[in-house]
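Working notes, beginning with the structure itself.
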């Protein structure tokens, strides 16, 4: 902590008081394994206050994630309550906005409602998902023989919103999650700028100047009444609700007050403190890790089984469609670069796998 204090004195604004900054970044300690995880104020992150950069970077390097806190005009409990109301709607109401695999009358393959399949024998995960993207409209049709241009069009699926007959609920639902999407997109982009400053990679933010396929998923994990052997961890035998995995892009996560999230830290899965009322967890995935020369880990994580319906929101920020992902910002060949040049090529195969696995 003494070293951190010295750094703060060197980089913090002259008007800032050291005790206040320390309290913002590290609240009262409880001697937990993740007490050292940085808690970065939302406005300081968005306003590009450079004093946060070393703390954010150190937290990412040591733990694989950090918290964004003190988000103005944001209520996690409101989001949580509205999510529960949505998932309590009759299935025929939700089916009206279900993706085309579940409702062939709809055109969208990804944006919309995806009901979970409680099929113990044939599925490993049981979750319901409502997917929101950055687009509200797009051209009615697109004709091209170019596969990538067709995919660029497909990636711009317009959002679909519930029409329940309750105008008040429909309005609140749409406005709440449109605002929530923007807040999380702001966090993701500001994080990229902070990492770019801290690691002296000035060209990194340009790869994320557009976000054609960013996505926010409202997730409900219903209680599973039956289990099979495939639902246990190969790592330590723990019964899981969400399989162990590494993300691909930038993740902004809300767990609300729902326990269960665990990250691999020093070769042991450990429980991550919940985001609560006014914070987010931020981590990166393999694709972004490669772009920054693997200097920050893409943390492996999972959700352990819990005895209640679990709700969470995930937001994923990827590079823009034409971003060159074949080489890192320092020019090294990436793993993705062995097969792909631009993000659009990569997302084509990735979405095919996701559609097969989740949808």
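The values are calculated or read from the model by the stated rules, or taken from the named source; none is laboratory data. Only a predicted model underlies this, so the values are computations on that prediction, with no experimental measurement involved. For neighbour counting, all protein chains shown are included, and Cβ atoms are generated from backbone atoms with ideal geometry for every residue, glycine included.
Numbers at a glance
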quantity: Residue check, residue 270 part of a strand (DSSP E or B), at pLDDT 95 or above and surrounded by fewer than 21 Cβ atoms within 10 Å (Cβ to Cβ); calculated: yes
quantity: Some residue of region 195-202 being assigned to a helix (DSSP H, G or I), in contact (Cβ under 8 Å) with a residue 60 or more places away in the chain and under 20 Å from the mean Cα position of the chain (by Cα); calculated: yes
quantity: Test: residue in region 116-125 that is crowded, with 20+ Cβ neighbours inside 10 Å and touching a strand residue (DSSP E or B) at 6+ places or on another chain (Cβ under 6 Å); calculated: no
quantity: Hits in region 162-172 (condition: loosely packed, with under 15 Cβ neighbours inside 10 Å and outside any helix (DSSP H, G or I)); calculated: 163, 165, 166
quantity: Single match in 143, 157, 182, 175 (criterion: in a loop (DSSP other than H, G, I, E, B) and either in contact with a helix residue (DSSP H, G or I) (Cβ under 7 Å, 6 or more places away or on another chain) or without any contact (Cβ under 8 Å) to a residue 12 or more places away in the chain (or both)); calculated: 143
quantity: Within region 273-291, tally of residues that are in contact with a helix residue (DSSP H, G or I) (Cβ under 9 Å, 6 or more places away or on another chain) and buried (at least 19 other Cβ atoms within 10 Å of the Cβ); calculated: 10
quantity: Among (1) outside any loop (DSSP other than H, G, I, E, B); (2) under 22 Å from residue 150 (Cβ atoms) - the single one residue 303 does not satisfy; calculated: (2)
quantity: Neighbours by Cβ (under 7 Å, 6+ apart or cross-chain): first from region 243-261, free of Cβ contacts under 8 Å to residues at least 24 places away in the same chain and on the phi > 0 side of the Ramachandran plot; second part of a loop (DSSP other than H, G, I, E, B) and surrounded by fewer than 17 Cβ atoms within 10 Å (Cβ to Cβ); calculated: none
quantity: Residue among 321, 308 that is in a loop (DSSP other than H, G, I, E, B), farther than 15 Å from residue 250 by Cβ and out of contact with any helix residue (DSSP H, G or I) (no Cβ under 7 Å at 6 or more places or on another chain); calculated: 308
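Residue by residue, here is whether (1) under 20 Å from the mean Cα position of the chain (by Cα); (2) surrounded by fewer than 20 Cβ atoms within 10 Å (Cβ to Cβ); (3) modelled with pLDDT of 95 or more; (4) under 26 Å from residue 246 (Cα atoms) holds:
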site	(1), (2), (3), (4)
28	no, yes, no, no
39	yes, yes, yes, yes
50	no, yes, yes, no
78	yes, yes, yes, no
